[in-house]
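Peer 1: Structure in structure tokens, see below.
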Amino acid sequence: MRAVVTVTGSDRRGIIAKVSGFLFEHDVNIEDISQTILGDQFAMIMMVDTSESKEDFAALSAALEEMGKKIGMTVRLQHADIFDAMHNV
Amino acid sequence: MFNKFDVLETIDMIEKEHLDIRTVTMGVSLLPCIRATAKETAAAVYDRVMKSAKDLVKTANDLSREYGIPIVNKRVSVTPVSLVTAAFPAESVLVGRALDRAAGELGIDFLGGYSALVHKGTADYEEVFLRTIPEVLSTTQRLCSSVNVGSSKSGINMDAVRMMGEIVLDTAARTADRDGLGCAKLVVFCNAVEDNPFMAGAFHGVGEADTVINVGVSGPGVVQHALKFIPDADLTDAAELIKRTAFKITRAGQLIAKEAAKRLGARFGIVDLSLAPTPARGDSVAHILEELGLEVVGCHGTTAALAMLNDAVKKGGVMASSRVGGLSGAFIPVSEDIGMIESATAGKITLEKLEAMTCVCSVGLDMIAIPGDTPASTISAIIADEAAIGMVNNKTTAVRVIPAPGKKVGDEVSFGGLLGRAPVMPVHGGDAGKFIRRGGLIPAPIHSFKN
């Protein structure tokens with residue numbers, strides 16, 4: 001399944017390492033990464049493919065969010081369709 | 001394909017601007033549940049609702065997690081109960097309580113459809129049914145009731161209008177210990193729609209399929225936020241921006257509606273293109289109107305601003321969804337919108353202005369607290385005025401007023417949660433009693449005769 005990971009919060013070291021490590025452990029393939037700094041806010045967006053992951057998508061999303069809290073970031077995993085629907089005619 | 005700015009915009013809409021799916025409502029037909037007795041019917045109704053909607057809450061929660069968008073309410077609407085209990089109307093309360101029990105066990109917040117459609121005349125069984133409404137609303141938690149008293153095709157049933165004034169007052173009296181809360185769950189309609197996902201007026205029309213998923217979207221905060229970026233734009237550009245924003249909001253609703261219907265084995269019904277406020281700051285329709293340049297909602301210009309907003313929401317939404325319906329437009333409930341509450345508390349918006357606003361928007365006089373000693377005939381007259389607006393303009397109108405027991409102008413009622421709080425507003429003191437007592441049917445307007 002095509003999905004989007006977004007990471008937002010104050011910029012700090014090791015964010016990409018932590019998030020990509022988590023995705024690797026859960027068999028999620030990263031297809032594209034982009035990031036921006038808005039003021040002191042860090043925003044990273046990853047396009048991922050979860051079809052190899054054995055975990056239920058909702059559970060994976062919850063676990064990733066939980067991991068984000070530990071590193072003080074807001075991390076979300078969302079089905080890509082929501083963005084397609086809202087931003088494409 | 002979307003880009004990173006699209007992603008961040010969606011995240012901001014959800015996190016900062018209160019974008020959410022306001023309700024996923026499953027419509028369930030109760031017609032197969034009619035049995036020989038009230039007791040057997042109540043049991044069949046309970047079983048059917050439990051079976052049809054058993055996965056509703058879980059599915060909505062799963063979708064919310066997967067798509068990352070809050071789904072605030074999960075609800076059920078059913079066939080108007082007066083049809084199901086026509087053979088034993090005095091015992092309709094049994095069916096009402098069975099529905100309320102099912103709603104509690106399903107974990108949904110409201111179940112709508114303790115309803116009757118009497119727009120062309122009140123049958124004997126319907127009259128008995130209507131008299132059970134105060135009892136059932138005062139002894140249940142989640143059940144909602146609605147009555148359709150008029151339509152553009154048939155005119156206004158003034159005998160039913162007269163009766164509903166008394167029923168609203170009786171419902172308030174029986175829930176006096178909760179500021180008349182029962183009346184927050186009772187809507188009187190003209191031109192009621194059969195696929196409305198919003199409470200308290202939802203019911204499942206007899207023309208509908210067995211089980212249907214209807215979705216109501218929201219997002220006043222998103223529209224207000226978008227308008228902040230064009231403070232000096234003219235109203236053509238403002239309308240264009242509202243359209244674009246409504247499109248995005250509605251597309252999220254369409255996606256959730258189709259997926260929910262698929263997973264629940266139900267038909268996709270409609271998306272209701274609504275701007276539904278909540279009492280939270282940043283989630284107010286009134287504040288959109290103020291963003292457009294009004295000092296306070298209720299001042300002159302409010303009706304025009306609302307007309308523009310309502311139309312733009314519809315135009316943006318229609319393109320975003322394959323099937324639209326329900327009430328569709330901006331809601332202006334007083335107690336459920338922080339901007340409305342503040343304006344009403346300051347005496348800056350009146351019942352008369354709200355009535356004018358209902359000529360150009362979705363619903364009607366909604367969640368308005370009025371003095372507890374308001375006569376039944378005055379409530380009937382308020383209903384008649386709203387019904388006339390709906391009948392002549394070919395639109396849905398409704399009245400959901402709360403005659404707050406023991407309270408007078410300046411006092412406040414508080415229901416908590418999404419139902420919010422409201423100051424008690426003055427009603428006109430003139431007596432419409434004779435007009436209401438005449439009864440009969442106000443004939444349908446000439447322009448409704450299209451056959």
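The values are calculated or read from the model by the stated rules, or taken from the named source; none is laboratory data. No experiment lies behind these values; they were computed from the predicted model shown. Every residue, glycine among them, receives a Cβ derived from its backbone with ideal geometry; neighbour counts consider all protein chains shown.
Peer 1: Working only within segment A:66-83, note down all residues that are crowded, with 16+ Cβ neighbours inside 10 Å and at the interface with chain B (Cβ under 9 Å from one of its Cβ atoms).
Peer 2: Hits for segment A:66-83 are A:76, A:77, A:78, A:79, A:80, A:81, A:82, A:83.
Peer 1: Collect the residues in segment A:64-76 that are free of Cβ contacts under 8 Å to residues at least 40 places away in the same chain and either small (Gly, Ala, Ser) or in contact with an Asp or Glu (Cβ under 6 Å, 6 or more places away or on another chain) (or both), keeping them in residue-number order.
Peer 2: Once the filter is applied, which keeps residues that are free of Cβ contacts under 8 Å to residues at least 40 places away in the same chain and either small (Gly, Ala, Ser) or in contact with an Asp or Glu (Cβ under 6 Å, 6 or more places away or on another chain) (or both), segment A:64-76 yields nothing.
Peer 1: Of the conditions (1) away from every other protein chain (no Cβ under 14 Å); (2) more than 30 Å from residue B:93 (Cα to Cα); (3) surrounded by fewer than 19 Cβ atoms within 10 Å (Cβ to Cβ), residue B:39 satisfies every one except a single condition; which number is it?
Peer 2: Here residue B:39 meets the rest and fails (2).
Peer 1: Residues of segment B:226-240 being surrounded by 18 or more Cβ atoms within 10 Å (Cβ to Cβ) and closer than 22 Å to residue A:88 by Cβ, which ones?
Peer 2: Selection gives B:226 alone.
Peer 1: For residue A:62, only one of the following conditions fails: (1) of a type outside the set (Asp, Glu); (2) in contact with a Lys or Arg (Cβ under 9 Å, 6 or more places away or on another chain); (3) within 7 Å of chain B (Cβ to nearest Cβ); (4) within 29 Å of residue B:243 (Cα to Cα). What is its number?
Peer 2: (4)
Peer 1: Restricting attention to segment B:413-432, report how many residues are farther than 20 Å from residue B:356 by Cβ, surrounded by 16 or more Cβ atoms within 10 Å (Cβ to Cβ) and without any contact (Cβ under 8 Å) to a residue 60 or more places away in the chain.
Peer 2: Of the residues in segment B:413-432, 1 are farther than 20 Å from residue B:356 by Cβ, surrounded by 16 or more Cβ atoms within 10 Å (Cβ to Cβ) and without any contact (Cβ under 8 Å) to a residue 60 or more places away in the chain.
Peer 1: Does segment B:147-168 contain any residue that is over 19 Å from residue B:390 (Cα atoms), away from chain A (no Cβ under 14 Å) and not in a helix (DSSP H, G or I)?
Peer 2: Checking segment B:147-168: not a single residue is over 19 Å from residue B:390 (Cα atoms), away from chain A (no Cβ under 14 Å) and not in a helix (DSSP H, G or I).
Peer 1: Has segment B:105-117 got any residue that is closer than 30 Å to residue A:3 by Cα and in a loop (DSSP other than H, G, I, E, B)?
Peer 2: There is at least one residue in segment B:105-117 that is closer than 30 Å to residue A:3 by Cα and in a loop (DSSP other than H, G, I, E, B).
Peer 1: Under the condition of being of a type in the set (Val, Ile, Thr) and in a helix (DSSP H, G or I), which residue from segment A:7-58 is surrounded by the most Cβ atoms within 10 Å (Cβ to Cβ)?
Peer 2: The residue in question is A:19.
Peer 1: Of the residues that sit in segment B:1-32 and are surrounded by fewer than 24 Cβ atoms within 10 Å (Cβ to Cβ) and of a type in the set (Lys, Arg), which one is nearest to the other protein chains (Cβ to nearest Cβ)?
Peer 2: This residue is B:4.
Peer 1: May I pose another question? Among residues belonging to segment A:1-41 that are small (Gly, Ala, Ser) and within 18 Å of residue A:66 (Cβ to Cβ), point out the one that is nearest to the other protein chains (Cβ to nearest Cβ).
Peer 2: In this case the residue turns out to be A:3.
Peer 1: Cβ contacts < 8 Å: first residue farther than 13 Å from residue B:33 by Cα, restricted to segment B:77-100; second residue charged (D, E, K, R) and assigned to a loop (DSSP other than H, G, I, E, B), any location; separation 6+ or different chain. Result?
Peer 2: B:100/B:142
Peer 1: Right, another one. Kindly indicate whether residue B:316 is out of contact with any strand residue (DSSP E or B) (no Cβ under 7 Å at 6 or more places or on another chain), crowded, with 24+ Cβ neighbours inside 10 Å and at pLDDT below 95.
Peer 2: Answer is yes for this residue.
Peer 1: Just one of the numbered conditions (1) under 22 Å from the mean Cα position of the chain (by Cα); (2) of a type in the set (S, T, N, Q); (3) within 13 Å of another protein chain (Cβ to nearest Cβ) is not true of residue B:245; which one?
Peer 2: Every listed condition holds for residue B:245 apart from (1).
Peer 1: Separate question: Which one is nearest to the other protein chains (Cβ to nearest Cβ), of the residues in segment B:256-272 that are under 30 Å from residue B:339 (Cβ atoms) and in contact with a Leu (Cβ under 9 Å, 6 or more places away or on another chain)?
Peer 2: Top of the filtered list is B:256.
Peer 1: To continue, here is another question. When segment A:42-56 is examined, which residues are found to be closer than 14 Å to residue A:29 by Cβ and within 12 Å of chain B (Cβ to nearest Cβ)?
Peer 2: Result: A:46, A:47, A:50.
Peer 1: So which helices (runs of 4 or more DSSP H) stay within segment B:338-396 end to end and still have 2 or more residues that are touching a strand residue (DSSP E or B) at 6+ places or on another chain (Cβ under 7 Å), modelled with pLDDT of 95 or more and not hydrophobic (A, V, I, L, M, F, W, C)?
Peer 2: Passing ranges, in order: B:351-358, B:376-393.
Peer 1: Report yes if residue B:137 is closer than 26 Å to residue B:253 by Cβ, touching a helix residue (DSSP H, G or I) at 6+ places or on another chain (Cβ under 9 Å) and surrounded by 23 or more Cβ atoms within 10 Å (Cβ to Cβ), otherwise no.
Peer 2: no
Peer 1: Out of the residues in segment B:61-86 that are assigned to a helix (DSSP H, G or I) and among the polar types (S, T, N, Q), which is farthest from the other protein chains (Cβ to nearest Cβ)?
Peer 2: Here the answer is B:82.
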